[in-house]
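S.K.: Would you mind keeping the following structure in view while I ask a few things?
A short reminder: the numbers here are calculations on the coordinates, not readings from a lab. Since we're looking at a predicted model, the values are computed, not measured. So basically every Cβ, Gly included, is an ideal-geometry build from the backbone, and we count neighbours across all protein chains shown.
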Amino acid sequence: MRTSVGSRGALCVGIDPHPALLAQWGLSDDVAGLERFTLTVVEALADRVAVIKPQAAFFERFGSAGVAVLERALVGIRDGGALSIVDAKRGDIGSTMAAYADAFAGPGSPLAGDAVTVSPFLGFGSLRPLLDLAAASGTGVFVLALTSNPEGGQVQHARQPDGKTVAQTVIDAVAAENAGASPTGSVGVVVGATVTGVGREHDLSAINGPILAPGIGAQGATPDDLRAVFGAARDQVLPNSSREVLGAGPGVAGLREAAARSVDAVEKALRA
Ligand SMILES: O=c1ccn([C@@H]2O[C@H](COP(=O)(O)O)[C@@H](O)[C@H]2O)c(=O)[nH]1
């Protein structure tokens with residue numbers, strides 16, 4: 001992730017074609033609207049932001065025709081020079097995880113981006129088939145640790161018999177995956193920018209990988225929150241903003257201006 005973040009700034013913009021956004025853009029809530037929305041975002045941003053994160057759910061809601069739009073988006077993002085994160089949040093028993101691995105990290109798979117999000121809540125070890133294939137194919141993996149939604153703490157802050165939170169156990173498992181990697185490993189964590197007191201309860205210092213931080217904008221976190229939430233780990237943070245940027249559409253110029261404002265704000269906050 002560092003190369004494009006270095007030249008374009010640390011921002012991931014999500015492609016989240018909510019029905020309300022399709023309506024706001026004057027588009028129909030169908031595959032044609034989804035396609036127009038998606039290709040407009042790709043045209044506007046793939047040649048200027050570091051990372052673009054299509055949210056798989058908004059494509060899957062239209063079945064195979066929607067998934068085909070996601071596949072086209074991944075090609076367009078790559079052609080524009082941005083990196084892609086397929087936000088699929090998959091997680092299942094290991095033997096099924098192997099099939100998800102083929103889909104989202106298999107060489108030549110049309111659904112494989114530069115990285116994929118996964119859920120470790122069936123046990124970190126259940127992710128092994130995907131972690132192994134991703135390492136072999138050069139695909140990044142972002143593992144949910146402390147999610148941005150208020151309900152997440154119920155599971156993620158729960159303490160295990162050794163006293164560690166579930167989230168810290170995930171963070172430590174990711175650190176073990178990345179141990180010895182230089183300059184950093186390709187397994188990251190998801191920690192919401194909305195999660196207050198991360199440093200009090202959790203230790204991100206050994207992670208040696210990227211931290212995807214959704215929650216900027218529509219969920220209430222601001223770029224200025226990033227320093228307080230991530231402290232010394234902020235150099236590794238890739239903030240995500242979806243609806244706040246997408247709301248500036250449907251014009252390409254408006255999307256570009258909104259993304260540029262977000263890049264400036266997060267860069268100022270992270271590097272100050
Ligand atoms: O903890 C998490 C993990 C993933 N997300 C995803 O990020 C975007 C956020 O969209 P906004 O419009 O900027 O709120 C969305 O796709 C979520 O599914 C997250 O928010 N929190």
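S.K.: Which values of log₁₀ I(q)/I(0), to two decimal places, follow from the Debye formula for the chain at q = 0.09, 0.10 Å⁻¹ with a uniform point scatterer at every Cα?
M.R.: -0.38, -0.47
S.K.: Hey, another quick one. 7 Å from Cα along Cα→Cβ at both Arg271 and Asp47: what's the point-to-point distance in nm?
M.R.: 2.3 nm
S.K.: Further, regarding this structure: Treat each spin label as a single point 7 Å out from the Cα along the C-beta direction, and report the His157 to Ser137 distance in nm.
M.R.: 3.7 nm
S.K.: Still on this model: Under 5 Å between amide H atoms, partner at least 5 residues away or on a different chain: which partners does Ile15 have, H built in plane at 1.01 Å?
M.R.: For Ile15, whose amide H was placed from the backbone, the distant partners under 5 Å are Lys53, Gln55.
S.K.: Rg/Rh for the range 71-228: what does it come to with C-alpha atoms and Rh from Kirkwood?
M.R.: 0.96
S.K.: Could you tell me which residue out of His157, Gly76, Phe37 lies farthest along the dipole of the chain toward its positive end? Charges go on the beta carbon: Lys and Arg +1, Asp and Glu -1, centred on the Cα centre.
M.R.: Of the options given, the answer is His157.
S.K.: Using a simple charge model, +1 on the beta-carbon of Lys and Arg, -1 on the beta-carbon of Asp and Glu, nothing else, what dipole does the chain show about its Cα centre, in debye to the nearest 20?
M.R.: With only Lys, Arg, Asp and Glu charged at Cβ, the dipole is about 380 debye.
S.K.: Could I ask something else about it? How large is log10 I(q)/I(0) at q = 0.15, 0.16, 0.18 Å⁻¹ when the Debye formula is applied to the Cα atoms of the range 6-143, each weighted equally and without solvent?
M.R.: -0.72, -0.80, -0.98
S.K.: Which aspartates and glutamates have a Cα less than 19 Å from the Cα of Lys268, not counting those fewer than 8 places away in the same chain?
M.R.: Cross-link targets: Asp224, Asp225, Asp235, Glu244, Glu257.
S.K.: Let me ask another. At what distance in angstrom do the alpha carbon centres of the range 248-272 and the range 186-216 lie from each other?
M.R.: 22 Å
S.K.: Also, quick follow-up: Suppose only helical runs count, i.e. DSSP H with n ≥ 4. What mean residue ellipticity at 222 nm does that imply for the chain under -39500 (n - 2.57) per run, divided by all residues and rounded to the nearest 500 deg cm²/dmol?
M.R.: Taking each H run of at least 4 residues, the total per residue is -13000 deg cm²/dmol.
S.K.: Please label the shape of the range 109-149 as rounded, prolate or oblate, based on the square roots a ≥ b ≥ c of the eigenvalues of the alpha-carbon gyration tensor (a/c under 1.5 means rounded; beyond that, a/b larger than b/c means prolate, else oblate). Display every interim value, and only then the final one.
M.R.: Working: a/c = 2.45, a/b = 1.42, b/c = 1.73.
Judged from the Cα gyration tensor, the range 109-149 comes out oblate (a/c at least 1.5, b/c at or above a/b).
S.K.: With a 10 Å Cβ neighbour count serving as the proxy for reagent exposure, in which order, fewest first, do Lys164, Lys53 appear? Show your work: numbers first, answer last.
M.R.: Values: Lys164 15, Lys53 27.
Least crowded to most crowded, the residues run Lys164, Lys53.
S.K.: Sticking with the crude label model, points 7 Å out along Cα→Cβ, report the distance from Val252 to Ser28 in nm, one decimal please.
M.R.: If labels sit at Val252 and Ser28, their model points lie 2.4 nm apart.
S.K.: I'd like the distance between the alpha-carbon centres of the range 99-152 and the range 38-57, rounded to an integer number of Å.
M.R.: 20 Å
S.K.: Another question about this same structure. Which residues' amide hydrogens lie under 5 Å from the amide hydrogen of Ser84, considering only partners 5 or more residues apart or on another chain, with H built in the peptide plane?
M.R.: Amide H to amide H, under 5 Å and 5 or more residues apart or across chains, Ser84 pairs with Ile52, Asp114, Ala115.
S.K.: Which order do Leu39, Leu131, Leu21 fall in if you start with the one that has the fewest other Cβ atoms within 10 Å?
M.R.: In order of increasing Cβ crowding within 10 Å: Leu39, Leu21, Leu131.
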